[in-house]
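Enquirer: Provided herewith is a single structure, encoded as C-alpha cells, for subsequent inquiry.
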Amino acid sequence: MGSDVNGTGGAGRRISAQAVCTAIRDDIISGFYSPGGRLTEELLAKRYGVSRVPVREALRTLESEGFVRTRRHAGASVAEPTDQEAADLLEIRGVLEPLGAARAAQRRTEAHIKVLRGLVRLGQERSLQGQLSDLPSLDGWFHETLAQASGSPTLVALLTQLRHKIAWVYAVDSPGRAVESWEEHGAIVDAVARGDAERARKLAAGHVERSAGAHRLRRPERVARGASAR
C-alpha cells in the first residue's frame, strides 16, 4: 500500500478532488472564469488552497462534463459551447425530464411526495408574493428531488449535469411565468403521487417546452465580436 503525504488516504484525495471540482464548476457557471479563459493548475491550486493533484483530477472530471477543454501544448481552458451545443441542452432536457417524471410516478416514495408538495407550496407562495429571488433555488431543489424520485442514479447524474450546464449557458427571464410554472410543478406532483406515469410525462414535457422560451443565451459579447468580424 502506497503512503499518503497528507495522511488522508485515498478517500481523502477523492473528497478533496470532488470539492475542488464543485468549486471550479460553480466559478465557471457564475462567470468568474470566462469561456475560453485559461485554467492553470498552479493558479487554481492557490485559489482553492489545495495541491495540484486534486486540481488535476477536478479538471479531468470537468473536461468529461464539457465545462473544460484541454489541448496539447495549450493546457486547460474553459469550454466555449457553440449555439448548436447550447440548443442541444434544451432539447435533451425535453427528453430526460419527462422520462424522469414518468419514472418518479412508478418509483417515488411517500417521503419524496412530502418534500415535493412542500416545495410546490413554498414556490407558489413566493411567486404570488413576488419574492422571486427565492425561486431559482426552490426550482432547483424541486427538479433535483423529482429526479431522485425516479430511483435511477444514472438519470439523476445526467439531469444534475444538464441543469449545471443550462445554468452556465443560459440566463432565465421568467418573472411573468413564475405563478404558472409552479402551478405546472404542482400538477406534475399530483400525477406522480397518483402513479400516473403517462400523465406525469406529458405534463413534464409541456412544462419544459413552455419554460424553454424564458431561456436566453448568455455571452452577448460573442454576438458583438461576430458582427465586428464581418
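Enquirer: In the list Gly123, Gly130, Gly100, Gly94, which residue meets the criterion of being over 24 Å from Phe32 (Cα atoms) and touching a His at 6+ places or on another chain (Cβ under 8 Å)?
Expert: Criteria check complete, one pass: Gly123.
Enquirer: I would also like to ask the following. List the helices (runs of 4 or more DSSP H) that sit entirely inside region 132-225 and contain at least 1 residues that are closer than 21 Å to Arg121 by Cα.
Expert: In region 132-225, 135-148, 178-194, 197-212 are the helices (runs of 4 or more DSSP H) which contain 1 or more residues that are closer than 21 Å to Arg121 by Cα.
Enquirer: State which residue is nearest to the chain's Cα centre (by Cα) when the search covers only region 70-85 and only residues that are farther than 21 Å from Ala45 by Cβ and either hydroxyl-bearing (Ser, Thr, Tyr) or in a helix (DSSP H, G or I) (or both).
Expert: Glu85
Enquirer: Condition check: modelled with pLDDT of 95 or more and of a type in the set (Gly, Ala, Ser). Does Ala58 satisfy that?
Expert: yes
The values are calculated or read from the model by the stated rules, or taken from the named source; none is laboratory data. Just so it is clear, the structure is predicted and the values come from calculations on it, not from any experiment. We place every Cβ from the backbone using ideal geometry, glycine too, and count neighbours over all the protein chains shown.
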